[in-house]
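In what follows, a single structure is set out as structure tokens and then discussed.
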DNA sequence: TGGTCTTTTATGAAAATGCATGCTACTAAT
DNA sequence: ATTAGTAGCATGCATTTTCATAAAAGACCA
């Protein structure tokens, strides 16, 4: 819409100087993510569950037996952060650590019964919330948007380690 | 990573049992944002600039004289976090605090010369990076995507914010 | 077998963040 | 003017995250 399409020179006066960030893809992505996530965080607060805890539980819901590093990657956290988060979640009886029979370096994380109870309620709320969000945006093709986002994610997975 | 892929029923083979989060809009948004931002953070690290510092400078670049709360909102941070971040940025001679002549409660933030120098280099890098990202995704209509994201952002502003 | 390199998780000190609250300044109503 | 209410910023403490590094196990190779 509007601006950005008008040519450069004389148009500059006609286009009010927007902030850089308001046309910066990385910012728009971050802000959109933040805005919709913040809505759901209200649900989490009411349930007394911290955001990173929810992320771990939601990840484990679909893929039990994740490793510490795997969870860190999935939850967009650093590995030491995940280790300490898991310390708290073990303390709160949401998950437990199990040794990997094949590789003794690896620690596999499994939800406790309590963890599963908690996540099941939250998963229902999350799906409901997602539906509400999409309902507010009838112009958005959810499937297409998700495909697009997965494309952005996938095409950048050049190894899951720190880029030099 | 590992298994968990072994199908449960024959139908499961047709529809691979995805993790919940892999089809969850909020997660895909967060992950896409994280992935592309992380790329740019490499640039920031090389420049010795922390991520929140970059966000403040980038915001000020297009809109000088922001308030503390305005910056917190723009940078997706809480107000006390912003106050402390600004303490450090003042200490590092990137910005300065100025009183607002109309309202003595308000503190206006202005970049120093050094701040402007730093941000100008980073803005150039950011634009270059954005171009690269979009170049990797020829299937994505940048204008349409940005419009979509702005829509998501705008339609959720049920908070107190400029009516703009 | 022994040495070296890599991978995986944990730890510890320092830095940043979140939350509640305090304080000052403006606003509105009486 | 007085009071009450609100807005904007700062502060203190507890919690969390980060950064660098350690420790332990597996992989590779001579």
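Just a few scattered comments:
- With its label point put 7 Å out from Cα toward Cβ, residue A:51 sits 1.1 nm from the same residue's point in the other copies, in order from shortest.
- Each other copy holds its own label point for residue A:87; taking that point as 7 Å from Cα along Cα to Cβ, the gaps run 2.5 nm, nearest first.
- Inter-copy label distances at residue B:39, shortest first and taken from points set 7 Å along Cα to Cβ: 2.8 nm.
- Rg over Rh for region A:50-134 works out to 1.00, using Cα positions for both radii and the Kirkwood form for Rh.
- Arranged from fewest to most other beta-carbon atoms within 10 Å of their beta carbon, A:96, A:146 become A:96, A:146.
- Pair residue B:90, residue B:34: separation of 7 Å Cα→Cβ label points (nm): 3.4 nm
- Gyration tensor (Cα) of region B:17-164, equivalent ellipsoid semi-axes in angstrom: 30, 20, 15
- Model label points for residue B:41 and residue A:113, set 7 angstrom from Cα along the Cα-to-Cβ axis, are 3.9 nm apart.
- Region A:81-150 and region B:63-142 have Cα centres separated by 33 Å.
Quick note: the coordinates plus some simple rules give every number you see, no bench work behind them. Bear in mind the structure is a predicted one, so any value in this text is a computation, not a measurement. Note: ideal-geometry Cβ built from the backbone for every residue, glycine included; neighbour counts use all protein chains shown.
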